[in-house]
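Notes to accompany the following structure.
The values are calculated or read from the model by the stated rules, or taken from the named source; none is laboratory data. Model, not experiment: these values are computed from the prediction. Every residue, glycine as well, gets a Cβ built from its backbone with ideal geometry; the counts of neighbours run over all protein chains shown.
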Amino acid sequence: MGGAALAIRDDDQDNSIAWAAAASALALGECLLPAKGLTEPVEAYCTLDWHNECNTSIEGMCLASERDGHFYVDSFLYLDFTFLRHEEGVTFERHDKDGGDTFVRDGHYTLKVFREDTDNAITSGTKP
């Protein structure tokens, strides 16, 4: 009888290992799938106007992407920006017009993003 109990424990351990391996494979597979609502970064033209006494402005090429309502601007000269959906109306305002998106952080800056995939397509390096 002691041997039978030991066999059951071995089977339980084998089952536990099998279940753990299956769960790990599933978790890894989910990580490798593309995220829902993720857009690949697209080339865009950005302008940034600082809200200060100098009225400093910079412009140039950037990468824009959107995921689940969150908007990301990367590789804009030396700057990266993140605009989280749940912060809209709280820490920034977003306006979609003139073939681009405008993000305003009052008292700090206004960032305009003109994506190439809009109706107002731009030529690389040319201000819209």
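A few remarks follow.
- Scanning the range 96-116 for residues that are over 13 Å from Y45 (Cα atoms), in contact with a strand residue (DSSP E or B) (Cβ under 9 Å, 6 or more places away or on another chain) and not in a loop (DSSP other than H, G, I, E, B) returns D96, F103, V104, R105, Y109, T110.
- Single residue of the range 59-80 satisfying the filter (among the aromatic types (F, W, Y) and over 10 Å from the mean Cα position of the chain (by Cα)) that is surrounded by the most Cβ atoms within 10 Å (Cβ to Cβ): F76
- Checklist (1) hydroxyl-bearing (S, T, Y); (2) surrounded by 12 or more Cβ atoms within 10 Å (Cβ to Cβ); (3) under 19 Å from H108 (Cα atoms) applied to T56, failing item: (2)
- Where N52 falls short, out of the listed (1) free of Cβ contacts under 8 Å to residues at least 24 places away in the same chain; (2) part of a strand (DSSP E or B); (3) not aliphatic (A, V, I, L, M): (2)
- Test for E40: is it assigned to a loop (DSSP other than H, G, I, E, B) and modelled with pLDDT of 80 or more: yes
- The number of residues in the range 67-95 being outside any loop (DSSP other than H, G, I, E, B) and within 18 Å of D49 (Cβ to Cβ) comes to 11.
- Criterion: modelled with pLDDT of 95 or more and over 15 Å from E116 (Cα atoms) - qualifying residue of L26, L48: L48
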